[in-house]
Every structure is written in structure tokens, then in C-alpha cells.
1. Beyond 28 Å between alpha-carbons counts as too far, so tell me which of Lys60/Lys171; Lys60/Lys96; Lys162/Lys357; Lys187/Lys328; Lys162/Lys187; Lys162/Lys391 fall in that bin.
2. Determine by what factor the alpha-carbon radius of gyration of segment 51-176 differs from 2.2 N^0.38 Å, reporting the quotient.
3. List, largest first, the extents of the alpha carbons of segment 288-330 along their principal axes, each in whole Å.
4. I'd like the carbon and sulfur percentage of the solvent accessible area for the chain, probe radius 1.4 Å, heavy atoms only, ligands and nucleic acids excluded.
5. Just the number: Rg to Rh for segment 154-252, Cα atoms, Kirkwood Rh, two decimals.
6. Suppose we look only past 18 Å in the calculated P(r) of segment 318-366. What percent of the Cα-Cα pairs does that tail hold?
7. Taking 1 over the mean of 1/r across every pair of different Cα atoms in segment 346-421, what Kirkwood radius in Å do you get?
8. Counting pairs of Cα atoms in segment 256-325, how many percent are more than 18 Å apart?
Amino acid sequence: MRIMVRVELLAVIATCLTVVVARSSPQPSKIQELFTNVEPRYSDDIFEDANLDVPALIRKYRYPVEIHTVITEDGYILEMHRIPHGRDANNVPNQKKPVVFVMHGLLCSSADFVLMGPGSGLGYILAEEGFDVWMGNARGNYYSRRHVTLNPDAILSTAFWKFSYDEIGNKDLPAMIDYVLEATGEKRLHYVGHSQGTTSFFVMGAMRPEYNDKIISMHALAPVAYMAHNRNLLLNAIAPFSNNIESIAYLVGIGEFMPHTIIFTWAGEAMCRDEVVFQPICSNILFLIGGWNENQHNATMMPVIFGHTPAGSSVRQLAHYGQGIADKGFRRYDYGSALANYREYKVFKPPSYDLSKVTTPVFLHYSDSDPLAHVQDVDRLFSELGRAIGKFRVPESTFSHIDYMYGINAKELVYDRVINLIKSMNIYGFDDYV
Ligand SMILES: *[C@@H]1O[C@H](CO)[C@@H](O)[C@H](O)[C@H]1NC(C)=O
């Protein structure tokens, strides 16, 4: 009970501290410097990168970027970020390229695929490899905190926040995929998701099966569907209370969990930078959420990470994951009572997602030490998916959940393999991939 209250408190504090501060644009002199200097693989200015938003960050490193707005069938306004081509290679504008759609995890955003910088961020690497890169943002995060009628900051109503990864998979992904196919004139695209970016994909494949044909291949980094063996402390602590958490949160008018606030940026800069005694505490907070792995951790980059993450989610997203841990299944959201579930689903217990309907060719990339995507849960997912093609264990046993985004060797250990698989889809006879 005490743990639950503490989680609540965290949500209260995070929500109360929302401060909107205009983000600065890069200095022209800085950009000039970049032209003349050797290109950095990571960040050339930790504090600047912590404060720039995704489009400004991409522009700063001289990559092309486009901002696109997508409206879902239920009125959420989502922001997508596109890197249409590379900077050093495959850099001819307006050339037709295969599309890769990249989708972030819980509390994350498109920032997680660029904040580690050129040469390390998946977004940049894919662009250099000749892909047209589209990065989604799920409803409720920093970039998609808008709705045609509902107000995310409404004092008396949490209507905006009544969604979980069910709606993200059911409504956000189809809307964004249709938009991308329309904008590029392509018929199909490749999908790379991390964590919740995989959960929501499996939801879509099961509930909107017509979308399976729009995906050439799906690459699940740290796949999360079943969570029976979850070892994440925070989620395990809330699992038994996952329905209460939401009722209490709604009672006090909170539907949002850990929104992006400038406080995280400030704290990250003040406490997490190099040569500050608190830096190990920052590392520990990160690992409490994402799993411990010293090998892949670049502590210097922490201010940039905390400048962009957490990027916000709904309380219900967290509660839905908690339910999956408690229930050991992969089901739709539990409304808390048989009657309420009946109203939604016409059955008393939330229906399971039918994974056999996910007929997209799926490749799972997982690791031994990931607390949120346990090997046994991944095995079960693999055996139940309609068309699971490959299962790849990251060849480093300590590789963990957040390393898929921030790991020092993520490129060598994961991305290179994903890119090889994408490029070889035609060889396996799945598509006339060009
Ligand atoms: C960590 O990040 C810093 C800052 O971007 C970079 O200079 C350094 O090379 C990185 N360290 C490792 C081990 O990758």
C-alpha cells in the first residue's frame, strides 16, 4: 500500500510541476562550427541537446527534418517527425526510398531515436542506410498532447487521458501508418518498435488485422506482450493495485503520468552531468525503470536523456501493464468490474488479444537481462504470433531494456542486424523489396 501511495505521490508531483518553457533554437555560430569540425558521433554539446526539441535537434546536426500532424479517428492530434534522407550517405532529396516507421516505448518519444546523436541514434542510422524514416509519437506524450476538443490540462476532467496502449495500437498506429503511406505513395512499410512500440503493434495486428498487409516486416526491440515474468520493480509494485491506482488518480483528477517537464531537464543538467557527486543516483533512477547494465551506459549523456525522457503517458497505460503482470495474460484493458467490462466488451473479463491474427512477418530482438521483456515471455509471444519469422538474442548477456535506445553499442549489437534483415526481405521471398 505504501508503495502505491508513493507512486501516486510521484504522479502528483510530476503533474503539479508542469512548467512550459520555450525551447531555444541552436545558435547560428554553433551550426557554423559544425561545418568545419569533425562530425561527433554522440553529442557536441550536452546542455544544448538537452534543451532542443526533436526537430531542432535534428536540424542542428544538419539532417533534413519534417514535422507532420496526424489526427486520429477519435480526435487526438499526433506529431510525427520525418528524416527523409541521410546527411553523409543516401542524401539526395526527393528520391523514392523504402519507408521505415519507428515507434517509441512507454514514457518515451521520437526523441529517443535521435538524442544519442548521429552515428548512434537509430533515426539517423536508418536515414544514412537509405531509408525514409518516420518517427511516431503516441497520444499523450510531449509531442502529441493535443486533441480537437479535449483539454489535456482540464482541471475537472481526465477525459483526454482515458486511454492505454490499446488505443495507441487500435487508433494511433493505423492513423499514422495510413498517413505515411498516403504521403509517400508507398503501398507498404517496415516497422521498428521498442517496448510499448511493440505492444501497440501487436494490438493493432490483432484488432485491425487488415493492417498486417501494410507492413513488409516488423522488428520488435525488447518485445512486450506477456509480462508474467516481469522483473521491473516499479511495475511489479503497482501490479496488484493496477485498478485502484487508476480510480484514486481519477478521483484526484489526474490522468497523466510523468509528463515532460522542464524540471527533469534542470535536474538532469544540475545533478546528472559529469563531475557531479549525484550522477550515480541519476544512473540508478534510470536503471530502476529500465534495467541495470553498466557496459552500455554512457553517463555523460544523462542530461540529454533526462532533457527528453520521461515524455509523459497516461495513468491508464501504466495500469494496463500492471494488469498484464497480475493476470499473466495479454488482454484488453480491464475496467475494474464485470459490469463495466461487459459494457465495453459484452463479456465480463477483458478479451485476450488474438496474436494468431498478427500475420505480418515479425522478428523479435530480445536479451537475457531485460527485466521488462523476459526470455520466457518472449518465447511465449514467439510461439503464438501468426507469422513470427526470427528470434534474435542480443549477443551481450547484460544488454537491457533501455540499451536498445541509449546503449553505447546498440548499433553493432542490434541496429545493424535489423537493417540487414530489412534489406534482405526480398531474398526471403516476402516482398519485391527494392
Ligand atoms: C559518451 O558521450 C560523450 C558525449 O557525447 C562522448 O564524447 C563519449 O565518447 C561517449 N562515450 C562512450 C564510451 O561512448
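1. Details: Lys60/Lys171 32 Å; Lys60/Lys96 25 Å; Lys162/Lys357 26 Å; Lys187/Lys328 37 Å; Lys162/Lys187 32 Å; Lys162/Lys391 34 Å.
Result: Lys60/Lys171; Lys187/Lys328; Lys162/Lys187; Lys162/Lys391 exceed 28 Å.
2. Working: Rg = 15.4 Å, N = 126, 2.2 N^0.38 = 13.8 Å.
Segment 51-176 yields a ratio of 1.11.
3. Sorted largest first, the three principal extents are 39, 23, 13 Å.
4. Working: 9650 of 17190 Å².
The computed percentage sits at 56.
5. Details: Rg = 16.4 Å, Rh = 15.5 Å.
Over the Cα atoms of segment 154-252, Rg/Rh equals 1.06.
6. Working: 504 of 1176 pairs.
Of all Cα-Cα pairs in segment 318-366, 43 percent lie more than 18 Å apart.
7. On the way: mean 1/r = 0.0725 Å⁻¹.
Result for segment 346-421 stands at 13.8 Å.
8. Details: 1049 of 2415 pairs.
Taking all Cα-Cα pairs of segment 256-325, the fraction more than 18 Å apart is 43 percent.
The values are calculated or read from the model by the stated rules, or taken from the named source; none is laboratory data. In this text the structure is predicted, and so the values were computed from the model without any measurement. Neighbour counts are summed over all protein chains in view; Cβ atoms, including those assigned to glycine, are modelled from backbone coordinates with ideal geometry. SASA here: full protein model, heavy atoms, side chains in, ligands and nucleic acids out. Shrake-Rupley method; radii C 1.70, N 1.55, O 1.52, S 1.80 Å.
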